[in-house]
Every structure is written in C-alpha cells, then in structure tokens.
Amino acid sequence: MPEIRNYTLNFGPQHPAAHGVLRLVLELDGEVVQRADPHVGLLHRGTEKLAESKPYNQSIGYMDRLDYVSMMCNEHGYVLAIEKLLGVQAPERAQYIRVMFDEITRILNHLMWLGTHALDIGAMTLFLYCFREREDLMDVYEAVSGARMHATYYRPGGVYRDLPDTMPQFNVSKWHNAKDVAMMNEARSGSLLDFIEDFVHRFPSLIDEYETLLTDNRIWKQRTVGIAAVSPERALQLGFTGPMLRGSGVEWDLRKKQPYEVYDKLDFDIPVGVNGDCYDRYLVRMEEFRQSNRIIQQCVDWLRANPGPVMLEDNKIAPPHREDMKGDMEALIHHFKLFTEGYCVPEGEAYAAIEHPKGEFGVYMVSDGANKPYRVKVRAPGFAHLSAMDEMVKGHMISDVVSVIGTMDIVFGEIDR
Amino acid sequence: MSELFDTVWGWGEFVWSFQIVQIVLGIVALMVPLMLCVAYLTFAERKIIGYMQVRIGPNRVGFFGYKLWGLGQPIADAVKLMFKEIIIPTKANKFLFLMAPVISLATALAAWAVIPLNDFLGIADEVNAGLLFVLAITSLGVYGVIIAGWSSNSKYAFLGAMRSSAQIVAYEIAMGFALVGVLIAAGSLNLREIVEAQQGNLGFLDWFWLPLLPLFVVYFISGVAETNRAPFDVAEGESEIVAGFHVDYSGMAFAVFFLAEYANMILIAALTAIMFAGGWYTPFPAAMVPDGIFGLLIGSGIHWFVIKTAFFLIFFLWFRATFPRYRYDQIMRLGWKVFIPITIVWLLVVAVMVLANVGPWFD
C-alpha cells in the first residue's frame, strides 16, 4: 500500500502575497493546511547591532527602516527610550506634533494594510484607492522632514523642526494644464496644518468609499468571517498586541492604558472586536482610521492655537540654533560636540513602548554611560503575530493563508530587523 | 486587357469552386476580426479598469510617432511575446506542455463555427445541434487548463489544475441547465433559430432575458466562472497560487493562453447576446424603426450583435474591478447549492409558460 504523505508547498519568499520575504513552508492535505512553518530572517539587516556602534542620534534613521510603512512610530519608540534614560521630556508642542504624526503614520500604515489585504483577497481596485490617499500623507511627511518615507524627524528632546508655513505646490507640466494644477494646489495654498485639516475633512467620506466596496460585500465576508478566529485568552497568551488583540475583544491600547506624550489630553475611543476573526480585525482597523482622524483634528486645533518651542533648549542634547553658532563660541562647541561625539547617556536601562499601528512597539535600551547604546532590543509586534501563524491557519485553506497574512499586517523590516 | 481580366476571373471562379477554399476563406474572414477584437479587448480592459481605478492605463505606444491614446499597445505586446523565449521546465512533459495552450485556443475558436452573426452570416451556422456543439466544445476547453497544470510539473500549477477541474464540474451543470431552458423556450438547438424565436414587434421585451431572467443571470455568472475571470479566477489565483496553471509558461505559449481566455470571454458574451438578448435584433419596437439610412442604423443588423456583445463584455471587466476573489470551495457551494436548484426550478416554470403559451414570447 502506498504511503500517503502531505503535500509540501514552499510559499514564498518570492510570492505576491508574502508581503516581502516571508517563507512559509506549508504542509497541505489537498488544499487544507495541516502545518504552516514560517521561516524568518531573509531581511535581517542587523539594526540592533548597528545601533551599538553609533552615537544615539545616528540610529534614528535606522528605526524608519524597521517597519517601513509606519516610519515615524518606530522613531518614536526609540526616541522615547533615550528620553527616558536622559530623564528629559519634549516641550508640549513637540509632543502634540509627535502625536499628530503618530496618527498620520497610523493612517498611512492602515491604508497600506487595507490595500494589500484587499489585493490579496482579490479586490484590486481598493489597492489603488488607498495609494491615492497615501500620496497626500507622503506629501505631509515630505513637507515636514524633506523625505517622503524615511523621515528621521523625531529627536530626543523634541522634533527636528517646527511645522512649515507653506506646502510645496505642483507646477504646470506637459500632463497638467494651469486649470488642473490650480485645482490640485487648492488644498496646498496654505500652511501644512491647513493641508492636514483639509485631508482630515476629506478622509471620512473616503473611508466610507472603501467600506462600500468591502464591508457588506458577500464575497469579502465569506473570505474573512470565521477565518483564523482567536479567543481573547489565547490572543493574550500568544503575545498579540494592537488591532490583533483588540480584534479578539481585549480592550488594550497603550495610548489609554499607559498614556505617553499627550494622549491623556485627547479624546478618542478604542474599537474592539467580538469574534476575533479576520473580519473583526478588519472592522477594528477601519474604525481606527476614524479615531486617528479625530485625534489629528484635535492636534491640529491645539497646534494652531499654541506656538512655542519644538525642541529642548538644553544644548547638551539638542543642537543650538544656526544663527547662534555664527557669533557664539559656546554654541559652536556644542554643535561640534553633538555632531561628532554625540551626547552621553547616564548608565542604566529603560524600556519604552508605544502603540504602534501594528501593536506594541517597544525599545529596550541599556546604556553604560557612553555616547552609544550598550544594547538596543526592539520588540516588534509583527514577530509575535507571525509566531501564531501555524495556530491560526491550521485547518484552513491556502486562500485563507493569504487572508491571514493580510490580517496580521506583516512587514518584514520589523520582524527580521 | 479584358482577356487578362477574363483569365483571372476564370481562375478565380475555378478556385472558388472548391468547397475547402470557401470554408478556409470564411474561417479567415471570421478569425482575423476576432483576433483583432481579442487584442483590443485586452487594451479595453486595461483602459476601462484603469479609469475605474483612478489611473489612465497604457497611453504611450502608438503608430508612426503618434501616441493615439496608446492604441499600439496590443500590437507591441504581441510582438514582444512572440520574440520571447518559451521556457520548458526540465521535468515537464514537453508534448503535453506545448499541447495545452493549443487545446485552450482551439476550443475557444472552434465554438465560433456555429455562431450566427446576423440573418445570413456564419461559418457552419446551419448545424442543427449548435447549442450542444457549443456546450461540448467549451467544456473541452478546461482540458487545456488541466493539462497545463499537470504537465508543467509544478506544485502551484498543479493546485491550479485541481481547482479548475473541481470548479468546472460545478459550473458546467448549472450552465447546461440554463441552456436547457433556452432550448425549451426556443424549441430548437440551432442558434440561428434560437435568435429568430426572439423576433417580435416589441423590441427588447421580446427577447428571452425577461422570461428566462434567473437562467440568464445564472448563465452569465457561470460563463464568468467558465472563463476563469474574477471573481472566479481561482485557477489563476494571482495572490494565492501566483499564476496557477500557467505559472511556468512564457512567451508565445503564455500568450496563447491569454488569447484563449479573451476569445472565451467574447464567446460567452456573444452567446449571451444570442440566447438571451435577441442576437442581431434591434432593441427598438418595430413601430419605431423608420425607413432609409437611419432605419438601417437602428434597425436589426450585425451592428446590434456587436454592440450587445460589447455590452456584456464590459460586465466582465466591471466584475474584475469590483469583487474580491472567491475561495474555491465557496465557488462550488455557489454552483451546487444555489445555481443548480435555481435553474431546475426555473426550468419547470419555463415549461409551464411554454405550455400555457404565455405571450409575447411563447404564443
């Protein structure tokens, strides 16, 4: 009698639904998954080790490249850990700017998640709709930091610079005549805050547009309802955080439970799911769009009313103003020291965590008193989620593996680091 | 001069007297426009879906330095694919690997033999079992997919082939039942007679889509499933099994699959137009059609057949831009548990309507 073996399928690392370089070894019985074995490490870049050989500030840029769809949130976790060790706090305006950009980043991340999740399940159009909105938010990034993706905008002690008063505008070209350009520039005629506010007003109707394509769509529901359901207890045991945990019905959000920056002064709700399946996690994230939008609106209002410094005045940590350097010897020395040696951080260790779009993003930092960290450990939410892959897809079909990868919102930059 | 003309004319008459020449010329006259339609259907798809997705689609490739909204794109694609290498995987069954695309395209084109284009055009439209022929030939098309998936000796392709065979069983039956409904309503298996059964004075109300509405919907959806188009494109399953059955194909071998898929789409749209939308008949009531050139335009004619086919084709594209993809067990559930019961019930209704001579269709 012939021996019956399972069908082993190498899913990735070159696979359109692998979200980067996930290699998943699937054992199949027909199309039903018996075992899923995720292999990680194909995007390992040694970020944590690199950070040990550089002054603190020079590693901020590496944090952008961890989870490369929610850049500023990664910076935030890292910067917060340094601030904790230094025992300093950013000025209030900087805190509001950080919160605003954290939420913009959350929308950026969730747009990417929604687009790819829908594309994986086959709804191609949504992907392009999401990228249309991402483009506007990328412009916001660019206006404030000069870079569309890897912003390196947060610094220990505040943010790199204040919000600009003007937005870059489109020019007339072969493709766009003066009338088109005038229309495209309408929202860009004011300051950055005007542009963000315009976006905030537009965005709710756009979310409705996404939802008309998916939320009540029978096919979408058939593909997500009841797929990879995780009980609240099990979700906690597996170390889930963020929307993955809230989708299972656990009301856990660091913005509410351990408020950092100014989240305790802002008004927002935490959506939670009921069944813990892909559909609930989808609904939770869709509601997070709206809540982030609310937070951004509140931040914009506060930032309009309260000008002020966005960086600490302490020149041992923050670089001095450019004008001061021209005439002041001390400022010049501070600048030279900061940009060559950096600053030394008192001996000790600290763990700072933020509510990253994907879950709890934490940075554990050990300092031996030098100008470089002794050790940096990044707690990436995606790693814990990916570890549950086997449990979540067992007994489902190949098509559901794709839904699960989408619902986990996996990005390999942070998992492999 | 006139002698020369007579000689050439004589030769022409001599050649024409062979039936095979007539048949071959007829086939060429149908296939060349059809293949052009296939090429420009790919272009239309990219443009229409492009506009649905807030982008513009191909707009660069034109002719002689003019961009012409990208109209040269299908030609450029065809030329590119022709010059690409056809890679045959080492452990593939070479013969079957190359046969599979041929089977796909041959069946997609062969079905056109019995399609009547208007009240006199068509290659073999006098075949009295035209409907059976169409059903048989389109069912054969799935062998192309299955053989391709099996012979390329790849796990992904094999999964695609398995999915396709499971899906086709579920859908052929529902489709067959829908066609039985048409057969009862028209009282003939000949496609031309089916169209002629839809003639009347009321225009589009005379067509079979109204009395056979559930069958019309089931047939069209089954047709989408049969052509492996979204949301039923599980055999291709781009984001699950990469490209499914044709994952190992390249160059012209791939292009032939591609042509077959689009030729099948046109075929299904044309069949829908013939069986449910009155073929070449005008949608306007007879009283509204005036004499003269204007009357030729809005009166019955081959142009209405083309317009109706194009109308149904747009639905294929629209579905693709709108819906997520089904899981393949869900497709089978839809086929077995929803479509087959609907068609069986409606067959009885149609039979009763025919017996009761319900007007204006069956009197």
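What residue, of B:PHE220, B:PHE258, is among the aromatic types (Phe, Trp, Tyr) and farther than 17 Å from B:VAL145 by Cβ? Steps first, answer last, please.
Values: B:PHE258 fails: farther than 17 Å from B:VAL145 by Cβ.
Of the residues listed, the single one that is among the aromatic types (Phe, Trp, Tyr) and farther than 17 Å from B:VAL145 by Cβ is B:PHE220.
Whenever a residue of the range B:36-51 is within 13 Å of A:MET124 (Cβ to Cβ) and of a type in the set (Asp, Glu), it has no partner that is at pLDDT 90 or above and not in a helix (DSSP H, G or I) lying with C-beta atoms less than 6 angstrom away and at least six residues away or across chains.
Taken residue by residue, the range B:70-81 has no member that is more than 27 Å from B:PHE315 (Cβ to Cβ), modelled with pLDDT under 85, more than 14 Å from every other protein chain (Cβ to nearest Cβ) and part of a helix (DSSP H, G or I). If I filter the range A:311-329 for residues that are among the acidic types (Asp, Glu), surrounded by 12 or more Cβ atoms within 10 Å (Cβ to Cβ), within 19 Å of A:ILE97 (Cα to Cα) and free of Cβ contacts under 8 Å to residues at least 12 places away in the same chain, do I get at least one hit? Among the residues of the range A:311-329, at least one is among the acidic types (Asp, Glu), surrounded by 12 or more Cβ atoms within 10 Å (Cβ to Cβ), within 19 Å of A:ILE97 (Cα to Cα) and free of Cβ contacts under 8 Å to residues at least 12 places away in the same chain, which makes the answer yes. Pairs linking a residue in the range A:7-24 that is closer than 14 Å to B:SER239 by Cβ to a residue that is polar (S, T, N, Q) and part of a loop (DSSP other than H, G, I, E, B), with Cβ atoms under 6 Å and 6 or more positions apart or on different chains, are A:PRO16/B:SER239; A:ALA17/B:SER239. The condition of being closer than 24 Å to A:HIS356 by Cβ, surrounded by 15 or more Cβ atoms within 10 Å (Cβ to Cβ) and touching a Pro at 6+ places or on another chain (Cβ under 8 Å) holds for only one of A:LEU86, A:LEU66, that being A:LEU86. Annotation: of all residues in the range B:289-323 being more than 30 Å from A:ALA118 (Cβ to Cβ) and among the aliphatic types (A, V, I, L, M), the one that is nearest to the chain's Cα centre (by Cα) is B:VAL306.
Scanning the range B:25-58 for residues that are buried (at least 17 other Cβ atoms within 10 Å of the Cβ) and among the hydroxyl-bearing types (Ser, Thr, Tyr) yields a single hit, B:THR42. Among the residues making up the range A:194-212, a single one is within 14 Å of chain B (Cβ to nearest Cβ) and surrounded by 19 or more Cβ atoms within 10 Å (Cβ to Cβ): A:TYR210.
The residue pairs whose first member lies in the range A:184-205 and is small (Gly, Ala, Ser), whose second member is surrounded by 14 or more Cβ atoms within 10 Å (Cβ to Cβ), and whose beta carbons are closer than 6 Å, counting only pairs six or more residues apart or on different chains, are A:ALA187/A:PHE195; A:ALA187/A:ASP198.
Counting just the residues of the range A:1-20 that are closer than 24 Å to B:GLN330 by Cβ, among the aliphatic types (A, V, I, L, M) and part of a loop (DSSP other than H, G, I, E, B), which one comes out farthest from the other protein chains (Cβ to nearest Cβ)? Step through it out loud before you land on a result.
As a first pass, look at the range A:1-20 and keep what is closer than 24 Å to B:GLN330 by Cβ: A:6-7, A:9, A:11, A:15-19.
Filter once more, so that each one left must be among the aliphatic types (A, V, I, L, M): A:9, A:17-18.
Retained after the next criterion (residues that are part of a loop (DSSP other than H, G, I, E, B)): A:17-18.
Values: A:ALA17: 4, A:ALA18: 10 Å.
That would be A:ALA18.
Between B:VAL338, B:VAL234, B:VAL289, B:VAL306, the distinction of being surrounded by fewer than 23 Cβ atoms within 10 Å (Cβ to Cβ) and within 14 Å of chain A (Cβ to nearest Cβ) belongs to B:VAL338 only.
Yes/no per residue for (1) touching a helix residue (DSSP H, G or I) at 6+ places or on another chain (Cβ under 6 Å); (2) at pLDDT 85 or above; (3) among the hydroxyl-bearing types (Ser, Thr, Tyr):
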site: B:MET175; (1), (2), (3): yes, yes, no
site: B:ALA178; (1), (2), (3): yes, yes, no
site: B:LEU210; (1), (2), (3): no, no, no
site: B:ALA230; (1), (2), (3): yes, no, no
site: B:GLU240; (1), (2), (3): yes, no, no
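The residue pairs whose first member lies in the range B:283-295 and is within 18 Å of B:VAL306 (Cα to Cα), whose second member is outside any loop (DSSP other than H, G, I, E, B) and of a type in the set (A, V, I, L, M), and whose beta carbons are closer than 6 Å, counting only pairs six or more residues apart or on different chains, are B:PHE284/B:ILE298. Mind telling me which of the residues A:LEU236, A:LEU245 ends up being away from chain B (no Cβ under 14 Å), under 27 Å from A:ALA36 (Cβ atoms), part of a helix (DSSP H, G or I) and free of Cβ contacts under 8 Å to residues at least 60 places away in the same chain? Of A:LEU236, A:LEU245, the one residue that is away from chain B (no Cβ under 14 Å), under 27 Å from A:ALA36 (Cβ atoms), part of a helix (DSSP H, G or I) and free of Cβ contacts under 8 Å to residues at least 60 places away in the same chain is A:LEU236. The residues of the range A:165-201 that are charged (D, E, K, R) and either within 20 Å of B:MET52 (Cα to Cα) or in contact with a helix residue (DSSP H, G or I) (Cβ under 7 Å, 6 or more places away or on another chain) (or both), listed by number, are A:ASP180, A:ARG188, A:GLU197, A:ASP198. For the range A:21-45, enumerate the residues that are within 14 Å of another protein chain (Cβ to nearest Cβ) and assigned to a loop (DSSP other than H, G, I, E, B). Residues satisfying the conditions are A:LEU22, A:GLY30, A:GLU31.
If I filter the range A:213-226 down to residues being of a type in the set (Val, Ile, Thr) and touching a Phe, Trp or Tyr at 6+ places or on another chain (Cβ under 6 Å), which single residue comes out as nearest to the other protein chains (Cβ to nearest Cβ)? Quick ask: steps written out before the conclusion?
Within the range A:213-226, the subset of a type in the set (Val, Ile, Thr) is A:215, A:219, A:224-225.
Filter again for touching a Phe, Trp or Tyr at 6+ places or on another chain (Cβ under 6 Å), leaving A:219, A:224-225.
Numbers: A:ILE219: 5, A:THR224: 9, A:VAL225: 12 Å.
In this case the residue turns out to be A:ILE219.
If you go through the range A:353-388 and keep only what is hydrophobic (A, V, I, L, M, F, W, C), more than 17 Å from A:TRP252 (Cβ to Cβ) and buried (at least 21 other Cβ atoms within 10 Å of the Cβ), you end up with A:VAL363, A:MET365, A:VAL376, A:VAL378, A:ALA380. Among the residues of the range B:124-166, those that are among the aliphatic types (A, V, I, L, M), touching a helix residue (DSSP H, G or I) at 6+ places or on another chain (Cβ under 7 Å), more than 30 Å from A:THR8 (Cα to Cα) and at pLDDT 85 or above comprise B:LEU131, B:VAL134, B:LEU135, B:ILE137, B:LEU140. B:TYR281 satisfies every condition listed in (1) surrounded by 23 or more Cβ atoms within 10 Å (Cβ to Cβ); (2) in a helix (DSSP H, G or I); (3) touching an Asp or Glu at 6+ places or on another chain (Cβ under 9 Å) except (2). Of the residues A:SER173, A:SER205, the single one that is under 27 Å from A:VAL144 (Cβ atoms) and not in a helix (DSSP H, G or I) is A:SER173.
Here is the figure for the range B:160-183: residues that are more than 14 Å from chain A (Cβ to nearest Cβ) and buried (at least 23 other Cβ atoms within 10 Å of the Cβ) total 7.
Reported count of residues in the range B:205-230, each being out of contact with any Phe, Trp or Tyr (no Cβ under 8 Å at 6 or more places or on another chain) and touching a residue at least 12 places away in the same chain (Cβ under 8 Å), is 3. If I ask for residues that are crowded, with 16+ Cβ neighbours inside 10 Å and under 28 Å from the mean Cα position of the chain (by Cα), which ones from the range A:17-35 would you list? A:ALA17, A:ALA18, A:HIS19, A:GLY20, A:VAL21, A:LEU22, A:ARG23, A:LEU24 - these are the residues of the range A:17-35 that are crowded, with 16+ Cβ neighbours inside 10 Å and under 28 Å from the mean Cα position of the chain (by Cα).
If I filter the range A:61-78 for residues that are farther than 23 Å from A:GLU135 by Cα and β-branched (Val, Ile, Thr), do I get at least one hit?
Step one: list which residues in the range A:61-78 are farther than 23 Å from A:GLU135 by Cα, which gives A:77-78.
Right, trim to β-branched (Val, Ile, Thr) and you get none.
Scanning the range A:61-78, I find no residue that is farther than 23 Å from A:GLU135 by Cα and β-branched (Val, Ile, Thr), so the answer is no.
Inspect all residues belonging to the range A:394-405 and state whether any of them is within 14 Å of chain B (Cβ to nearest Cβ), in a loop (DSSP other than H, G, I, E, B) and closer than 23 Å to A:ARG234 by Cβ. Looking for residues that are within 14 Å of chain B (Cβ to nearest Cβ), in a loop (DSSP other than H, G, I, E, B) and closer than 23 Å to A:ARG234 by Cβ, one finds at least one in the range A:394-405, hence yes. Is there a residue being more than 30 Å from B:ARG327 (Cβ to Cβ), touching a helix residue (DSSP H, G or I) at 6+ places or on another chain (Cβ under 9 Å) and charged (D, E, K, R) anywhere in the range A:349-357? Yes - at least one qualifying residue is present in the range A:349-357.
The values are calculated or read from the model by the stated rules, or taken from the named source; none is laboratory data. Predicted, not measured: the structure shown is a model, and the values here were computed from it. In this analysis, Cβ positions are derived from the backbone assuming ideal geometry, glycine residues included, and neighbour counts consider all displayed protein chains.
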